[in-house]
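All of the numbers you see were taken from the coordinates with simple rules; none came from a lab. This one's a predicted model, so the numbers in the text were calculated from it and none came from an experiment. Note that each Cβ is placed from the backbone with ideal geometry, even for glycine, and that neighbours are counted across all protein chains shown.
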Amino acid sequence: MLLPSCCLLVRHKRQIPILTGLFITKCLRRPKRAGNEAYLYGWGPNEYQPLGALADFEYTDRLCQIKQPCLICSGTRDICTPVVAASLYENIPNSRWVVFKGARHTCFVEQTDKYCAVLENWLDEVEKGS
């Protein structure tokens, strides 16, 4: 079994085996740090009504400056609404948007096989330059 977030690493032969037979990256094995100071400073108490330093941050007009291919994944039950995902897709050149039916914000966990297939196909296309 592979952790979904490691699909790319396995593809490029950079996996790190651990005793359970799973492959997991070094960054996922490091100890987690608790705390929410940065989150509270940036967003405030939640992302839905930003009251922190990012409250007036607007980047949509700069999305067109992204030059790398982008894969945008969202679920139909995602906190990233279709309006937000569509805005990313419409403004980032060379992007692809895939919607995972019934998934929330963690489509890579909820629909691992589909996510890995989508990611593999997208990587193949990017590597071929299409």
Exercise for the section: Identify the single condition in (1) buried (at least 17 other Cβ atoms within 10 Å of the Cβ); (2) over 22 Å from residue 39 (Cβ atoms) that residue 78 does not satisfy, given that it satisfies every other one. Expected result: (2)
Practice task
From the list 44, 52, pick out the single residue that is farther than 22 Å from residue 108 by Cβ, of a type in the set (Gly, Ala, Ser) and in contact with a helix residue (DSSP H, G or I) (Cβ under 8 Å, 6 or more places away or on another chain).
Solution key: 52
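Within segment 96-111, does at least one residue satisfy the condition of being part of a helix (DSSP H, G or I) and touching a residue at least 60 places away in the same chain (Cβ under 8 Å)? So that I can check it myself, show each step before the final result.
Our first condition is that a residue be part of a helix (DSSP H, G or I); within segment 96-111, this holds for 107-110.
Of the ones still in play, those that are also touching a residue at least 60 places away in the same chain (Cβ under 8 Å) are 108-109.
So far as segment 96-111 goes, yes, one or more of its residues are part of a helix (DSSP H, G or I) and touching a residue at least 60 places away in the same chain (Cβ under 8 Å).
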